Every structure is written in structure tokens, then in C-alpha cells.
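Structure, as C-alpha cells:
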């Protein structure tokens with residue numbers, strides 16, 4: 001089994017470190033391994049080291065320490081043009097003095113491919129991104145979305161082993177961005193290509209990826225499929241960064257198997273699931289998703305702990321209601337309820353009791 | 001009319017017609033828009049007006065004047081009006097007609113009195129060497145024949161020496177006036193002196209005298225106009241020019257019948273006619289050839305005839321080593337050709353200089369646009385440093401560097417690369433011009449290149465590399481094409497500056513390395529042949545415009561970016 005695991009690892013980062021100035025590490029001890037055909041997203045706030053990782057993979061930056069392997073071979077000393085990695089840049093980087101077809105033909109020309117073969121491949125790549133009729137245009141004559149498609153086609157046309165995308169949808173408007181997310185995902189799935197995708201947009205990461213690596217402070221905080229990442233964050237940063245989240249702080253009082261009792265700073269006691277706690281008597285930060293908060297007592301177990309809450313604000317958002325509560329000293333405790341026929345509309349000032357299932361309330365690092 | 005009534009009416013009226021769009025008040029929308037923008041346009045015009053006027057006065061007007069000077073040639077017809085007319089019938093090959101000798105005697109006499117004949121001599125000397133001195137010496141000796149006639153007439157009747165009898169005879173008084181003669185002579189004198197000539201003439205030629213003695217009347221009228229309106233004297237009190245005496249002798253000898261004349265001075269004339277033998281024979285051909293035998297030479301007369309029109313292609317022909325001949329334009333003899341060689345050399349050297357500027361500037365501009373800001377700024381100061389030194393100082397510095405006993409040769413000899421007796425000749429030839437001008441024009445190439453290169457984002461080259469291009473391919477296929485607009489802008493700038501450069505070739509160019517502009521400067525300030533200088537300048541301007549047009553056709557002027 002161990003053999004197959006390393007064999008299937010197509011891209012590997014082994015203890016990779018990167019420093020630009022010799023004083024600060026931008027990437028600290030990065031370990032990552034991804035199999036062929038995976039769509040992996042590097043997600044994180046700016047300055048978290050995700051783009052640096054991508055540039056090291058592409059060969060535009062050298063790792064200060066550690067090894068990067070592609071298909072089992074170290075590529076640290078291979079120049080970018082010999083790595084056979086396709087890349088889609090943030091600003092597309094389509095060559096403005098060439099037509100669309102010439103842009104696509106460029107990687108094939110430098111690979112000394114014959115003319116007829118080149119033309120066939122360019123045609124196929126253009127059709128794949130539904131831009132078959134645009135071969136003769138210049139990039140400047142295309143819209144942002146069209147340029148995006150061409151940039152994608154150019155990264156794919158030479159059948160690269162790996163395609164890197166550096167925030168490729170950053171410059172598009174919301175609607176087009178959502179459309180392109182599905183488009184890219186569809187093409188990637190159809191071709192079965194391996195993709196490393198960098199973004200700071202969590203929705204993008206969640207909708208497109210097989211796995212997401214959440215970066216912060218030069219480290220991967222969590223590397224998991226989107227659903228795991230959302231529902232089972234391993235630490236408070238991931239819980240905060242992915243989706244909306246309510247946080248309460250307190251001290252672990254008791255751990256019983258997969259539940260624990262946390263005494264909040266205000267003195268209230270709640271049930272939680274110990275995920276990342278140091279032990280009894282240590283501080284913790286519990287995290288509850290807004291849609292997992294329950295204020296219908298009948299749905300909770302009879303011995304569940306509940307909290308007193310005061311309604312601060314009620315916002316009608318169409319498909320959901322968003323209610324802001326004051327809970328245990330947290331003024332920004334948000335609850336989302338589905339706009340179902342039996343849904344209750346709360347009034348500001350109203351006093352209610354709220355609770356949750358212990359497995360939805362994760363006790364994480366302080 | 002209120003809005004509530006007009007608006008619906010307009011709306012219903014305009015929509016089905018699909019005519020011009022109407023504004024709310026019923027006027028065509030285009031007109032309303034133009035009116036709304038007029039104030040803005042006016043203000044914009046006022047803002048650019050100072051520069052516009054400055055450019056018009058100091059740039060457009062001088063250029064127009066220069067273009068005009070290159071073909072302007074009124075001086076011949078202004079100075080020799082009668083001669084030009086007399087030569088019209090002449091075919092340029094046969095014997096020179098007598099009328100021409102008649103005319104040139106009086107024309108030259110008047111011009112010499114007005115001190116304009118040497119000016120014309122200088123002008124015609126550009127075309128035919130020797131004419132200048134011919135005109136100058138002739139001007140001094142035209143009096144001689146008149147003096148002889150004067151003495152002879154005085155011997156016949158002392159009254160000829162008095163101004164009054166002359167005046168009474170020539171002036172119309174109560175008799176009919178020959179207005180045509182007066183007008184012609186006034187016009188000619190205005191053209192000759194270039195003055196307005198207004199005031200009381202106090203004289204009008206009598207028609208019966210001008211019919212009887214045409215040359216005398218014409219000469220006397222010219223003199224009278226000059227005396228009264230240029231010198232400001234009274235005609236009746238002054239002695240006429242000697243040309244008038246010569247004219248009288250000529251008129252009498254050519255068979256004027258004075259017996260029918262009964263006006264003032266009739267007896268004096270009859271007396272003179274009766275003593276014709278006592279007067280020296282006045283034949284203007286002999287007079288002129290007697291003054292200088294060159295007046296018998298065909299080529300001098302051909303030159304006068306060729307340059308008698310008001311506008312001439314002569315300067316332009318000279319500019320391309322041709323000359324105007326009686327049989328049409330033809331190339332000058334091999335050993336007199338100079339300008340074509342100079343034009344070709346100017347273009348060739350400018351191209352070489354532009355080329356070497358491109359080669360030297362490209363790496364510098366590339367470095368400038370890719371270095372971190374601090375080092376780039378330092379480098380930029382080094383690039384701009386030459387701008388802060390005087391052009392003359394820089395050029396003179398090259399003289400010190402390049403001469404045979406100069407720094408470079410000394411170093412080469414010291415290193416043993418060059419023998420002491422075979423030091424390199426790098427100055428006062430084309431090498432000197434190329435080296436010094438390349439250095440001086442370098443910033444004009446670097447700056448446009450830099451400003452274009454600094455707009456090329458680094459991700460293009462990265463993209464090319466990620467697509468599999470080597471460093472060289474990424475540069476040559478992706479970076480270089482995008483930097484071409486900078487090369488284009490720099491090349492145009494350097495080439496046009498180089499083609500008109502003057503000081504540097506003058507100092508380091510010797511004879512083999514001078515440009516056409518040095519020749520233009522010579523004609524402007526030394527030979528004073530402004531017409532030729534203007535023609536050379538016009539050709540230079542045309543060449544630059546043609547090259548610019550060709551550049552636009554081949555490269556496209558849209559591809560030129562200065563920043």
C-alpha cells in the first residue's frame with residue numbers, strides 16, 4: 001500500500017521553505033502530496049505563501065530549502081521551460097502582438113511541432129473552450145471572459161502534465177466568474193488533468209476543488225476535500241476563514257469520549273466536540289456554524305445545555321433569515337434559518353434559548 | 001410655448017419621420033450639441049492660442065518663407081525690366097539682338113544709379129561665374145559714352161548743358177502727356193528701388209517728344225522720377241544723367257526726323273540734327289562690348305534670359321547638381337557635382353548613426369526597465385548626464401579623445417596595439433562624425449525605448465517560459481516584438497535629429513564627414529546664396545517627410561510610442 005501511495009503522488013513538496021530576504025520565511029516547512037488528476041486549490045489570505053508555492057512549482061522562484069518533485073523526479077534545478085507545466089496567469093498574459101491562434105500555437109512551435117499538427121491542436125483547443133471562431137482576433141479585441149478562455153486553452157494545448165492557475169478569475173465580474181468556475185471544472189474533469197489552483201476566494205475553492213489546502217502564515221493549516229473543510233475545520237483559523245462562523249471562548253471543563261463540557265468566560269456551560277484541545281483546564285475556542293444553531297427545544301436532546309440569547313437584529317434575505325443575537329457576551333452571534341413554511345420570525349429584543357448538537361460545536365485551539 | 005406643449009408634439013412629429021433627432025426645444029439635436037460645446041471649444045482654443053500663434057510666427061511662417069525663397073527670382077526682371085522684354089523674342093542661340101543691347105544699357109545705367117546692379121551681379125554669378133565682375137566694371141564705365149555726347153552737344157550749343165532747356169523740351173506742360181511711358185517707368189523704378197515712391201514728380205513726359213525721341217524720353221523720365229522721388233530734388237533744376245545724352249545721340253542717329261517738331265527746344269534739336277557728324281557714333285552693342293568684351297559672349301546673355309522669369313527651378317537644379325541650360329536642365333560636369341554626394345552621405349551616415357544608437361541603447365534601456373528602482377534611477381542619471389553638458393563641450397571632448405595625438409590613440413600605442421607611426425585616424429572623417437553623433441544622440445534613443453519597455457509587464461516573459469520557450473525564444477518572440485514601438489520612436493527621433501545635425505559634423509567631420517546641413521549653413525552665412533540654401537533645406541524637408549510617410553506605410557505610425 002505504501003508503494004502505491006508514493007507512486008500515485010504526482011506533485012510533492014517535501015519540507016519546502018522559502019525566504020526572499022534571508023530574515024523571514026514566507027513558506028515554512030511545506031509538505032504536500034497530490035495524485036495525478038486531482039484538482040487542488042491553494043486557498044489563503046494574501047501573504048500566506050500560496051502564490052509563492054505556485055511560483056516555486058512553476059520554476060519562477062527557487063526553494064530556499066526542501067525538495068519539489070513532479071512525477072517522482074526532483075525539479076528544483078530544472079528551468080521553467082523544461083518542466084512542461086501549463087500556467088494560467090492572473091492577467092492572462094496573452095501575447096498582445098500575436099493573434100489568438102498564434103498565442104495557442106506558440107507552445108507548440110517552441111516544441112518544434114509540425115504545422116498541420118499544430119493547426120489541428122489549436123483548433124481542437126479553441127473548440128474545447130468554445131472559441132473556435134476567434135482564432136484570427138487579437139487579445140485586445142476580446143472581452144475579459146474570452147481572454148480567460150484563451151489563456152486556459154493556451155495552458156492546455158500542449159498537453160502539459162500539470163496546469164497551474166494563479167487567481168485566473170480575479171479580474172472577472174461575479175456572474176462571469178461563477179460561470180467560468182464551472183467551465184474550468186468541466187474541462188479539467190473531461191481532460192482528467194492535474195490542476196493546482198490558487199485563489200483567495202473561498203467559494204471558488206469550495207465549488208471547484210477535489211481538495212483544498214488552506215494556507216496561513218506560510219503553512220498549510222488544513223488539506224481536505226471541501227465538505228470536510230467546511231464541516232470539520234481542524235483549527236480556529238480554518239473555521240474562521242471558510243464560511244461564516246460563530247466563536248465562543250472558554251475553558252475545557254470535562255472530556256467524555258467524543259463530547260466535552262466547556263465553561264464559557266461568562267460562566268455558561270455548553271456541550272462541544274473536542275477536536276483540537278490541549279486538555280482539561282485549558283482555554284479553547286468553540287466554533288458553531290450559523291445554520292447549525294437550533295432554537296426549537298424539541299429538536300435538541302433533553303439533557304443538552306442551552307444558552308440565553310437576545311435578538312439584536314432580524315434580516316430577511318429571501319431564501320434564508322439571518323438573525324443576529326447577543327449570546328454569552330458575543331454581540332455578533334449569527335443564526336441562519338431556512339425560509340420554510342413553519343419558520344419562526346424573531347423580533348429584536350426577544351429573549352430566546354438556543355442550543356445545538358454537540359457534534360456541530362467544535363472545540364478548537366484558543 | 002411651454003415644455004408641456006412642445007415635447008409631445010416633437011415626440012410624435014419626429015418619431016415617424018426618422019429625420020434628424022430633435023432636442024427638447026425643437027432644434028436639431030446636432031445643432032443644440034454644437035452650441036452647448038461651443039463655449040468649451042472656444043475656451044480650449046483660447047488656451048492653445050499662445051502656443052498656436054508662437055508656432056505660426058516662429059515655425060510655420062519661416063518655413064513658408066524658406067520654401068518661397070527657393071524658387072523666388074524677381075530680382076532679374078526688377079533690375080533689368082527692358083532687357084528681359086527685349087530677350088523674350090530671342091531664341092538663345094542666334095546673334096544677340098540690338099534691342100537687347102539698347103535695353104541693357106539703360107537698365108544697367110538706372111540700376112547703377114540706384115546701386116542695385118551689383119546685387120543682381122551677385123545673384124547671376126551663382127549661375128554663371130564672372131557675371132558679378134562684369135556688372136561691377138560695366139556700372140563704372142556706362143557714363144563714358146554719355147560724357148562724349150554731352151561734350152559734343154555742348155560744343156554745338158552751350159544750352160544743352162543747362163537743365164532748363166531740357167526740362168522745357170521734355171516736360172509736357174500744356175501738351176498731351178505720354179501716360180503709358182510715365183506709368184511704366186514709375187512701375188520699373190518702384191520695383192528697382194523697392195520703395196513706394198510717392199510725392200510730387202513735377203514732370204510729365206510730352207507725347208510728341210516721346211514719339212519723336214523714344215529713347216531720350218524714356219531715359220529722361222527714368223532720371224526725372226529718380227531725381228524727384230528718390231533724391232528729392234527738383235527736376236527742372238538738375239542736370240540729366242549721361243544716359244539721356246547718349247539716348248539723344250542714338251535717337252538722332254537712328255533717323256529721328258525733327259523737322260516737323262515745333263515745341264520747346266525745336267531749334268536746339270534741329271541744330272543738333274544738322275550737326276550729326278559732330279556727335280560720336282552711339283551704337284549700344286559697340287558701347288557694351290567696348291566696356292567689356294564679355295558682353296559679346298553668348299553664355300552671359302543666355303544666363304540673363306534663363307533667369308528672367310519671376311520664378312525659377314534654378315536653385316533646385318543646383319541642389320541636385322544640375323544646371324539650367326538653354327536646351328533644358330542637364331547634369332553638371334562630374335567635377336562640379338557635390339550636393340547629391342552630400343545628400344546620400346547625410347542619409348547614409350544618419351542611418352548608420354541610428355543603427356548604432358539602436359544597438360547601444362537596447363541593452364541599456366532593457367537594464368533600466370528591469371533593475372530595481374534605486375539602481376535604475378542612478379543609471380538614468382548617468383544616461384541624462386550628457387544632457388546637462390553643453391553640446392559644444394561634448395563634441396570638443398570627442399576631438400580630444402579621437403585625434404591622432406589624443407587619449408584613445410595614446411592608450412592604444414601604450415598598450416602596443418597600434419604602432420606609434422600608424423596611429424588611427426578617427427577624426428575629421430566619417431568615423432569621427434559617427435562616433436560623436438552616436439554618443440550625442442544616444443539619450444534620444446534610450447528614453448523612448450525605456451518608456452516603452454517599462455510598460456511591458458514581466459509576466460509575458462514568464463508566460464512564454466512556462467509555455468516552454470527558452471530564455472532567448474521568450475525574449476525574441478515575446479519581449480522584443482513588444483519593444484519595437486520604442487525602437488521605432490527612438491529611430492525616428494534620432495534619424496530626424498541626425499539628418500539636420502550641424503555643429504558636430506562641423507567640428508569632427510573634416511571634409512569627408514560633413515552633412516548637407518553644413519553646406520546649408522555655409523550658403524546662409526558665408527556665400528549668402530539664400531535661395532540655394534532654401535532649396536537644399538526644402539529637399540531635406542521633403543526627404544524627411546517621404547521617409548516618414550514610408551515609415552508610416554511599412555511600420556505604421558500607431559506603432560510609435562514615446563511613453
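The values are calculated or read from the model by the stated rules, or taken from the named source; none is laboratory data. On a predicted model such as this, the values are computed, not experimentally measured, just so you know. Positions of Cβ are generated from backbone atoms using ideal geometry, with glycine treated the same way; all protein chains shown enter the neighbour counts.
Against the conditions (1) within 19 Å of residue A:89 (Cβ to Cβ); (2) surrounded by 22 or more Cβ atoms within 10 Å (Cβ to Cβ); (3) out of contact with any helix residue (DSSP H, G or I) (no Cβ under 9 Å at 6 or more places or on another chain), residue A:161 satisfies every one except (2). Residues that are assigned by TED's automatic domain parsing to the domain that holds residue A:36 and closer than 30 Å to residue A:276 by Cα number at least 1 in the following strands (runs of 3 or more DSSP E) confined to the stretch A:155-226: A:194-199, A:211-216, A:219-224. State whether the residues of the stretch B:124-140 include one that is crowded, with 18+ Cβ neighbours inside 10 Å, over 28 Å from the mean Cα position of the chain (by Cα), more than 20 Å from residue B:194 (Cβ to Cβ) and outside the structural domain of residue B:240 (by TED's automatic domain parsing). Yes, there is a match, as at least one residue in the stretch B:124-140 is crowded, with 18+ Cβ neighbours inside 10 Å, over 28 Å from the mean Cα position of the chain (by Cα), more than 20 Å from residue B:194 (Cβ to Cβ) and outside the structural domain of residue B:240 (by TED's automatic domain parsing). Test residue A:86 against the stated conditions and say whether it is in contact with a strand residue (DSSP E or B) (Cβ under 6 Å, 6 or more places away or on another chain), within 19 Å of residue A:149 (Cα to Cα) and assigned by TED's automatic domain parsing to the domain that holds residue A:170. So residue A:86 fits the description; yes.
Picking from residues in the stretch A:79-118 that are without any contact (Cβ under 8 Å) to a residue 24 or more places away in the chain and over 16 Å from residue B:474 (Cβ atoms), the one that is farthest from the other protein chains (Cβ to nearest Cβ) is A:116. The numbered conditions (1) more than 14 Å from every other protein chain (Cβ to nearest Cβ); (2) under 30 Å from residue A:143 (Cα atoms); (3) surrounded by fewer than 19 Cβ atoms within 10 Å (Cβ to Cβ) are all true for residue A:66 except (2). Any chance the stretch B:50-61 includes a residue that's at pLDDT below 90, surrounded by 11 or more Cβ atoms within 10 Å (Cβ to Cβ) and outside the structural domain of residue B:535 (by TED's automatic domain parsing)? Checked against the condition, which is being at pLDDT below 90, surrounded by 11 or more Cβ atoms within 10 Å (Cβ to Cβ) and outside the structural domain of residue B:535 (by TED's automatic domain parsing), the stretch B:50-61 yields no hits at all.
Given the structure, is residue B:373 loosely packed, with under 14 Cβ neighbours inside 10 Å and touching a helix residue (DSSP H, G or I) at 6+ places or on another chain (Cβ under 6 Å)?
Details: loosely packed, with under 14 Cβ neighbours inside 10 Å: yes; touching a helix residue (DSSP H, G or I) at 6+ places or on another chain (Cβ under 6 Å): no.
Against the criterion (loosely packed, with under 14 Cβ neighbours inside 10 Å and touching a helix residue (DSSP H, G or I) at 6+ places or on another chain (Cβ under 6 Å)), residue B:373 does not qualify.
The helices (runs of 4 or more DSSP H) located wholly in the stretch B:148-248 that include 2 or more residues which are at pLDDT 90 or above and within 17 Å of residue B:114 (Cα to Cα) occupy B:179-193, B:214-225.
For residue B:498, are the conditions met, namely being closer than 25 Å to residue B:66 by Cβ, touching a residue at least 12 places away in the same chain (Cβ under 8 Å) and within 16 Å of the chain's Cα centre (by Cα)?
Details: closer than 25 Å to residue B:66 by Cβ: yes; touching a residue at least 12 places away in the same chain (Cβ under 8 Å): yes; within 16 Å of the chain's Cα centre (by Cα): no.
Answer is no for this residue.
Matching residues to (1) farther than 30 Å from residue A:164 by Cβ; (2) buried (at least 23 other Cβ atoms within 10 Å of the Cβ):
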residue	(1), (2)
B:436	yes, yes
B:448	yes, yes
B:454	no, no
B:462	no, no
B:470	no, no
B:503	yes, no
B:525	yes, no
B:544	yes, no
B:553	yes, no
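Scanning the stretch B:470-491 turns up no residue that is over 15 Å from residue B:365 (Cα atoms), at pLDDT below 90 and either away from chain A (no Cβ under 11 Å) or in contact with a helix residue (DSSP H, G or I) (Cβ under 7 Å, 6 or more places away or on another chain) (or both). Meeting the requirement of 1 or more residues that are farther than 30 Å from residue B:392 by Cβ, the helices (runs of 4 or more DSSP H) wholly within the stretch B:457-535 are B:459-466, B:480-499.
State whether one or more residues within the stretch B:312-325 are outside the structural domain of residue B:494 (by TED's automatic domain parsing), assigned to a helix (DSSP H, G or I) and either over 27 Å from residue B:499 (Cβ atoms) or in contact with a strand residue (DSSP E or B) (Cβ under 8 Å, 6 or more places away or on another chain) (or both). Yes: the stretch B:312-325 contains one or more residues that are outside the structural domain of residue B:494 (by TED's automatic domain parsing), assigned to a helix (DSSP H, G or I) and either over 27 Å from residue B:499 (Cβ atoms) or in contact with a strand residue (DSSP E or B) (Cβ under 8 Å, 6 or more places away or on another chain) (or both).
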